[in-house]
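J.: First the structure, which I've put down as structure tokens, then a few questions once you've had a look.
Rule-based calculations on the coordinates, nothing more; no lab input. Source: prediction; values computed, not measured. Heads up, the Cβs are rebuilt from the backbone with ideal geometry, glycines too, and the neighbour counts pull from every protein chain shown.
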Amino acid sequence: MQYAIELYFDKETENKLWEIPNAIKEAGFSTKYHEWGTRPHITLACFSDVDEKDAAQRLYAFAEQQSVMPAYLGSLAMFTDTKVIFAAPVMREEMYAMQKGLHNAMEGFDTKGWEWYLPGRWVPHCALALMSEDAEENYFKACNLALRRFRKLAGKFTSIGLVKISFPVQELCTFELKEK
């Protein structure tokens with residue numbers, strides 16, 4: 001089984017991020033983002049396999065040491081090979097440190113095949129459309145819609161969670177970050 005650790009936004013920011021996936025669905029371009037049952041997030045790490053109980057305990061201990069931090073989403077981009085439309089965060093030193101610290105805390109779990117989520121190779125992104133199975137024309141229409149609707153966002157990262165990458169995604173546990 002495959003797993004991910006995701007960084008979540010405050011509710012107001014999350015609701016604003018839902019606007020583009022909802023518009024893409026309503027326009028009839030794609031429903032996959034909704035079908036996956038995920039919510040807006042930044043993936044910090046992916047693993048090919050974990051012991052769920054051990055991973056949850058480690059994540060809890062890690063989260064206890066982390067603080068709420070600013071979240072800035074400053075641009076829209078695409079992974080053209082997988083037809084993913086995403087909002088890109090403005091990176092801050094704290095995010096890089098959190099991601100590296102998380103990988104240290106989860107040391108020993110299998111990351112093979114997930115090299116783009118390792119420290120030093122990470123491509124942080126908040127997916128807004130997952131269109132690999134959709135017609136190319138719909139992908140281009142969705143890109144156009146997203147380009148017209150996207151606005152820079154400022155919010156907060158407030159929690160971190162462990163999910164099982166299944167269809168739909170299963171959120172196994174989520175822990176709040178500390179208020180400063």
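J.: Scan segment 128-149 residue by residue and report those that are surrounded by fewer than 18 Cβ atoms within 10 Å (Cβ to Cβ), more than 13 Å from Trp36 (Cα to Cα) and in contact with a strand residue (DSSP E or B) (Cβ under 8 Å, 6 or more places away or on another chain).
T.: Answer for segment 128-149, where residues must be surrounded by fewer than 18 Cβ atoms within 10 Å (Cβ to Cβ), more than 13 Å from Trp36 (Cα to Cα) and in contact with a strand residue (DSSP E or B) (Cβ under 8 Å, 6 or more places away or on another chain): just Leu147.
J.: Now a separate question. Quick one: Phe79 ticks every box in (1) touching a residue at least 60 places away in the same chain (Cβ under 8 Å); (2) of a type in the set (Phe, Trp, Tyr); (3) surrounded by fewer than 21 Cβ atoms within 10 Å (Cβ to Cβ) bar one, so which box is it?
T.: All conditions are met except number (1).
J.: Might you let me know whether segment 65-75 holds any residue that is within 23 Å of Phe167 (Cβ to Cβ), touching a Cys at 6+ places or on another chain (Cβ under 7 Å) and either surrounded by fewer than 20 Cβ atoms within 10 Å (Cβ to Cβ) or of a type outside the set (Ser, Thr, Tyr) (or both)?
T.: no
J.: Moving on. So which residues in segment 121-166 are in a helix (DSSP H, G or I) and among the hydroxyl-bearing types (Ser, Thr, Tyr)? First the steps, then the outcome.
T.: Within segment 121-166, the subset in a helix (DSSP H, G or I) is 136-149.
Residue satisfying the conditions is Tyr139 alone.
J.: Do the conditions hold for Ala154, that is, is it surrounded by 13 or more Cβ atoms within 10 Å (Cβ to Cβ) and of a type in the set (Gly, Ala, Ser)? Quick ask: steps written out before the conclusion?
T.: Working: surrounded by 13 or more Cβ atoms within 10 Å (Cβ to Cβ): no; of a type in the set (Gly, Ala, Ser): yes.
Criteria not met by Ala154.
J.: Of all residues being under 15 Å from the mean Cα position of the chain (by Cα) and of a type in the set (Phe, Trp, Tyr) in segment 76-119, which is farthest from Phe140 (Cα to Cα)? Just the residue, please.
T.: Looking at the filtered set, the residue picked out is Tyr96.
J.: A further question on this structure: Would you pick out the residues in segment 4-21 that are more than 11 Å from the chain's Cα centre (by Cα) and of a type in the set (Val, Ile, Thr)?
T.: Thr13, Ile20
J.: Which of (1) closer than 15 Å to Ala4 by Cβ; (2) touching a helix residue (DSSP H, G or I) at 6+ places or on another chain (Cβ under 7 Å) is the odd one out, the single condition His103 does not satisfy?
T.: (2)
J.: Please count how many residues of segment 112-135 are within 22 Å of Trp18 (Cα to Cα) and among the charged types (D, E, K, R).
T.: Qualifying residue count for the region: 2.
J.: Please tell me if Gly101 is in contact (Cβ under 8 Å) with a residue 12 or more places away in the chain, in a helix (DSSP H, G or I), over 25 Å from Trp18 (Cα atoms) and not acidic (Asp, Glu).
T.: Working: in contact (Cβ under 8 Å) with a residue 12 or more places away in the chain: yes; in a helix (DSSP H, G or I): yes; over 25 Å from Trp18 (Cα atoms): yes; not acidic (Asp, Glu): yes.
Taking the combined requirement at face value, the residue satisfies it.
J.: Could you say which residue among Phe47, Phe86, Phe109 is buried (at least 17 other Cβ atoms within 10 Å of the Cβ) and farther than 25 Å from Leu17 by Cβ? Working first, answer last.
T.: Details: Phe47 fails: farther than 25 Å from Leu17 by Cβ; Phe86 fails: farther than 25 Å from Leu17 by Cβ.
The unique qualifying residue is Phe109.
J.: Next question, about the same structure. Say whether the condition of being under 16 Å from the mean Cα position of the chain (by Cα), under 26 Å from Arg92 (Cα atoms) and surrounded by fewer than 19 Cβ atoms within 10 Å (Cβ to Cβ) is met by at least one residue in segment 35-43.
T.: yes
J.: Which of the residues that make up segment 93-106 are in contact with a strand residue (DSSP E or B) (Cβ under 7 Å, 6 or more places away or on another chain) and surrounded by fewer than 15 Cβ atoms within 10 Å (Cβ to Cβ)?
T.: The answer is Glu94, and nothing else.
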